[in-house]
Structure formats: C-alpha cells, structure tokens
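To start, the structure under review is shown below, and the notes come after it.
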Amino acid sequence: MLNWFHRLGSPKTFFEISGRWQVPLLSLAVLMLAGGAAWALLFVPPDYQQGNSVRIMYIHVPAAILAQSGYVMMAGAAAVFLIWRIKLADVAVKCVAPLGASITFLALVTGAIWGKPTWGTWWVWDARLTSTLVLFFLYIGVIALRSAMDRQAGVGRACAILALVGVVNLPVIKYSVDWWYSLHQPASFSLTEKPSMPIEMWLPLLVMVIAYYLFFFSVWMMRIRNEILVREKNTDWVKQWLAVR
Amino acid sequence: MNLFIASVRRDLLVHFRHPSEVLNPLVFFVVVISLFPLGIGPEPGQLKAIAPGIVWVAALLATLMSMDSMFRSDFEDGSLEQIVLSEQSTFIFVLAKVVSHWLLSGLPLVLLMPLAALLLFLDEAGVWALTLSLLLVSPTLSLLGGIGAALTVGLPRGGLLVTILVMPLYVPVLVLATAMVQAAEAGSDTIGYVYWLLAILFGSMCLAPIATAAAINVATDQ
Amino acid sequence: MKFESLTAFFYMDGHGIYIWAAYGLTLVILAANVWFPLIARRNIIRAEKSAVLKAMNRKL
C-alpha cells in the first residue's frame, strides 16, 4: 500500500498513469454533465413552491458541495506534502486552488441567480451563501500567498500550512455562520431543506454531483500534468515525451 | 521560560522607546470609529444599533495593521533564525511574541473601548459587554494573526496579504462577539457567549502557535 | 418531457432568464476550466520544443 503510494507519488508514474485516464475520465464527465443537465432541464417536474427555478438546483448544489470538499481535498494534499514531503502533493495543492476557487465562485453566482426568483433579491445573507463566501476568501488567501511567494523556497510548505489552518477553521466558521443566521433569521423559507425530495428530483441531482466530481478530478489531473511538465522539464523522460509530440 | 520572559521584556522595551508603532493602530481605531457618525449621521438610535459591528470591525482592522510587524524586525536582523537554530522551543518563542503583541495592541484597544462606546451612544450594559468581549477575543486575534504574520514574514510587503489571509479566520469570533454585545444590550444573559469565546481562545492557544512555528521554520529555512 | 413547446421550454414560466443565465454561466466556467489547461499545455510544449531546438543549434 505504502509502496504503491510512493510509486504514484513519483511524477513520472503519475504522468504515465494519468495520461491513460484523462481522456476517458473527461469524456465521461462531460457526457454525464450534458445528460444530467438535459434531465434537469427537460424531465424534472417543476417544484410546487419554486416552479421551474428549481432547475438551477442541479448546477448549484453540486458546485456548493464540491467547493467545500475541494478545500478539504486541498488540505489533505497539503498534509501529505508536509508529512511525507511528496512533491506531487505540492503540485496537487497548487493546481487545485484556482480550480476550487472557480467552483466556489460558480456556487456563489448560481446561488445568487437562484435567489432572485426565489427570494426576490440577488443576495441574501443566508447561512449557506455566507459560509460559501468565506470559503471563497479562504481559497483566495491560498492563491494570493502562492502568487506573492512565487519562486521562494518555502512557498509549497507555506501554502500547505495555510490550507491546513483553513481546514481546521472551516467547521468553526460554518457553525458560527449557521448560528449567526439562526439568530438573525429573516422571514423566508429555506432553499434546500425540503421534507423529502421525490426520487425523480434527487436522482438527477446525484448524477450531477457525480459528474461534477469526475469533472473536477479530470481537470485537476490536467493541471497537475502541466505543472509536472514544467517542473521536470530537464529530466530525460520529459524530453523523450516531448520529442514525439 | 527564560526565553519567554526575555522575549516579552525586550519587545516591550523596544516599543516603549519607539511608541509610534504601538500608537498608530490605536489612532487608526479612534479615527475609523469617529468617521462612522460622519458618514451615517449623528442620530443616536441608529448609531447605537450598529455600534457593536462598527467597533468590532474597526478593532479587527486595527489589530491587523500591527500584525505585519510581529516577526518582521526579528526576521530582518536575523534573530528569528537564531531562535529556530537554537535549542529553545519555537513554540514558546511564538507564544511570547503573541503575548507581547497582545500587550501592545490588544490590551490598549480594550482600554479604548469605553471611549468608542461613548462616541457611539452604547448604554452601560453594552459598554461592559463590549469591553469584556474584546478582552476575551483580542488574544485570539493576536494568536490567529501570528499565523499570517509568520507566513508572510519573508515577503517585502506582506501587510495587505496578512489581512487577506487572516480575515476569514476572524469570522467566528466577530460573529460571537457582536452577538454577545447585542445580547447584553437587549438585557439577556451573556455567559454562554463568554464560554464560547473562552473555548475558541483556548483552542487557538493550543493550535495556532504550532502553525505559526511551522511557518517560521519555513521562512527561516531558505 | 415537461414542456409542450420550445417557447415554453425557453420561457419556463418567467424563470427562463434566471435558469438560462445560471446554466450559461456554468457552461462558461466549466469550459474555461478545460480550456486553460489545454492552452497552457500547448504553450509548455511549444516553449520546451523551441528551447530544445535552440540548444541543438548551439551545439551544431
């Protein structure tokens, strides 16, 4: 197990394996995204309260889930880098930050667009939107630190420390914002806490969540492969790989 | 322990001889507070309603202003590297730096609270709650800010970056502290908030210096 | 199919503009996430190849 872990941790092995996986994975992700979107747009019944605007849920909720778990995955990679000093983990941390930030931004904006027909305003300081906004700031912090420390020796470790600090704070932030919202709760109904969603509504949601995850992993992989090419450009295997391009 | 006392003593001495670095954030705090009535209007009811939020945000900004310098001079004259290389615990050193930062920026802000409350028409219960909440939270602010200060110490201009890195971490204490002041103004019990803020303080006292020490190791290990 | 006509599908009982804006934005952001790594990859390969060529020319 640990042996396998270290073997995958070598940039060359990762590059070879991911080269075989990236096209099928991305194709499957795009196919599922298209299928899930068509399902959500064409076949899902309108909600009795929200009408057709409930169709936004199918692109918003997976983005919101992925925004959080993306940060947790970044922190996981950061921990691997700090403990085992596997350079690939640093590459992974570097590559996931802009990706996660873009997904978080997507969750924020689709949430705002969903809010307009549902609440009547673009933005409400709802608990979920607010903690997603703070999450976005956390991503921005990691990206800002990375770009400010560009080319300095400790940049990878510094960003890894920051990602870990952020992930420890994430539950505290989430609970405090939830609690803050319940304290100031205006008269409105909650978007996603339905008594129970009928299967014809949650099944396409499940498809979309899986599709978002697959998409996330395949794009992450693409970014990691690019970064490996840059960092290992003086090795023989990269030169050989380039020779046949 | 000797390191702890020596470090705190030295920081206090240095800052007593050059007090401007300590005074600037305090002046900033008072100026920000007094700008709000000018922007919003002098109506007491309105100011009183938003006072906890204003005071707290101004206090956060003032703390962050002084944060950048927490490790900077030690980094530049090389003593930070000496500490890391020596047998002394970096954890203890970090704790000492945080304590002296708190004594020089957190505690004076606490003492300024009655003035801020006066300017914004808070009533007596609100003043007490505001002062108590800042007393409980300002060490946490110094502890968490230390992480950002240590991460950016190697950068030529880290001041604004510290703000971006640390601000999201301040969200929970901001929420709890302003809620505590509002609860006190409404006449309800605040002991629950005190426990919460203490829990966060002790939690960050255990965890934040670890991260700060790790960040210092990174910064000095060039 | 939950819609009787194409117009009803685009209109979505007045929510069309929000739904299509949200789906359009998602499409743009997801497509950009694929597009940028592809462009970056092409640039890296190009830059490396020209560096290799330059090194070879210098040797000759």
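The values are calculated or read from the model by the stated rules, or taken from the named source; none is laboratory data. The shown structure was predicted, so the numbers you read here are calculated from the model rather than taken from an experiment. Please note: Cβ atoms are built from the backbone with ideal geometry, for glycine as well, and neighbour counts cover all protein chains shown. Just so you know, the surface numbers come from the protein's heavy atoms only, side chains and all, with ligands and any DNA or RNA stripped out. Shrake-Rupley method; radii C 1.70, N 1.55, O 1.52, S 1.80 Å.
Okay, here's what the table says:
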| item | result |
| --- | --- |
| Some residue of segment B:155-171 being more than 16 Å from A:F137 (Cα to Cα), buried (at least 24 other Cβ atoms within 10 Å of the Cβ) and in contact with a Leu (Cβ under 6 Å, 6 or more places away or on another chain) | no |
| Test result for B:T152, out of contact with any strand residue (DSSP E or B) (no Cβ under 9 Å at 6 or more places or on another chain), closer than 30 Å to B:S79 by Cβ, surrounded by fewer than 22 Cβ atoms within 10 Å (Cβ to Cβ) and of a type in the set (S, T, Y) | no |
| Condition met for A:A67 (over 10 Å from the mean Cα position of the chain (by Cα), assigned to a helix (DSSP H, G or I) and more than 10 Å from every other protein chain (Cβ to nearest Cβ)) | no |
| Selection count, segment A:40-54, where residues are open to solvent by 10 Å² or more (accessible area, probe 1.4 Å) and part of a helix (DSSP H, G or I) | 3 |
| Tabulated pairs, segment A:118-135, first within 12 Å of A:T104 (Cβ to Cβ), second open to solvent by less than 60 Å² (accessible area, probe 1.4 Å) and of a type in the set (S, T, N, Q), C-beta under 7 angstrom, 6+ apart or interchain | A:T132/A:T104; A:L135/A:T104 |
| Boolean, A:M57 is over 30 Å from C:M12 (Cβ atoms) and part of a helix (DSSP H, G or I) | no |
| Qualifying positions in segment A:102-115 - touching a residue at least 24 places away in the same chain (Cβ under 8 Å) and open to solvent by 10 Å² or more (accessible area, probe 1.4 Å) | A:F105, A:L108, A:I113 |
| Test set (1) within 13 Å of another protein chain (Cβ to nearest Cβ); (2) among the β-branched types (V, I, T); (3) under 13 Å from the mean Cα position of the chain (by Cα) - A:V93 fails condition number | (1) |
| Set A:L214, A:L203, A:L191: member being more than 10 Å from chain B (Cβ to nearest Cβ), at pLDDT 95 or above and under 22 Å from the mean Cα position of the chain (by Cα) | A:L214 |
| Segment B:84-105 - residue that is assigned to a helix (DSSP H, G or I) and of a type in the set (S, T, Y) and, of those, surrounded by the most Cβ atoms within 10 Å (Cβ to Cβ) | B:S105 |
| Among residues of segment A:217-240, those that are away from chain C (no Cβ under 11 Å) and modelled with pLDDT of 90 or more, counted | 1 |
| Cβ-Cβ under 6 Å pairs, at least 6 apart or on other chains, segment C:37-53 side surrounded by fewer than 16 Cβ atoms within 10 Å (Cβ to Cβ), far side not in a helix (DSSP H, G or I) | C:I45/A:R245 |
| Residue selected from segment C:3-13 under the condition in a helix (DSSP H, G or I) and farther than 14 Å from A:I56 by Cβ, by the criterion farthest from the other protein chains (Cβ to nearest Cβ) | C:T7 |
| Matching residues, segment A:99-128, being at pLDDT 85 or above, within 14 Å of chain B (Cβ to nearest Cβ) and within 28 Å of A:D47 (Cβ to Cβ) | A:T104 |
| Residue check, B:A186 open to solvent by 10 Å² or more (accessible area, probe 1.4 Å), farther than 22 Å from B:L104 by Cα and either acidic (D, E) or more than 8 Å from chain A (Cβ to nearest Cβ) (or both) | yes |
| Residues that are β-branched (V, I, T) and more than 11 Å from the chain's Cα centre (by Cα), drawn from segment C:20-60 | C:I44, C:I45, C:V52 |
| Sole exception among (1) more than 8 Å from chain A (Cβ to nearest Cβ); (2) under 14 Å from A:R55 (Cβ atoms); (3) not charged (D, E, K, R) for C:A21, by number | (1) |
| Search result, residues across segment A:136-166 that are more than 19 Å from A:A67 (Cα to Cα), free of Cβ contacts under 8 Å to residues at least 24 places away in the same chain and either in a helix (DSSP H, G or I) or in contact with a His (Cβ under 7 Å, 6 or more places away or on another chain) (or both) | A:L145, A:S147, A:A148, A:V155, A:A158 |
| Checking B:V32 against (1) farther than 25 Å from B:L130 by Cα; (2) assigned to a helix (DSSP H, G or I), the condition it does not meet | (1) |
| Every pair of residues 6+ apart whose Cβ atoms lie under 7 Å, when the first sits in segment B:151-176 and is more than 7 Å from chain A (Cβ to nearest Cβ) while the second is outside any loop (DSSP other than H, G, I, E, B) and of a type in the set (S, T, Y) | B:V173/B:T140 |
| Residues that are within 10 Å of chain A (Cβ to nearest Cβ), part of a helix (DSSP H, G or I) and open to solvent by 50 Å² or more (accessible area, probe 1.4 Å), drawn from segment B:200-222 | B:L207, B:I210, B:N217 |
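Residue-by-condition table, conditions (1) modelled with pLDDT of 90 or more; (2) of a type in the set (A, V, I, L, M, F, W, C); (3) closer than 19 Å to C:A21 by Cα:
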{"site": "A:N3", "(1), (2), (3)": "no, no, no"}
{"site": "A:G9", "(1), (2), (3)": "no, no, no"}
{"site": "A:W21", "(1), (2), (3)": "yes, yes, no"}
{"site": "A:A29", "(1), (2), (3)": "yes, yes, no"}
{"site": "A:A37", "(1), (2), (3)": "yes, yes, yes"}
{"site": "A:V44", "(1), (2), (3)": "no, yes, yes"}
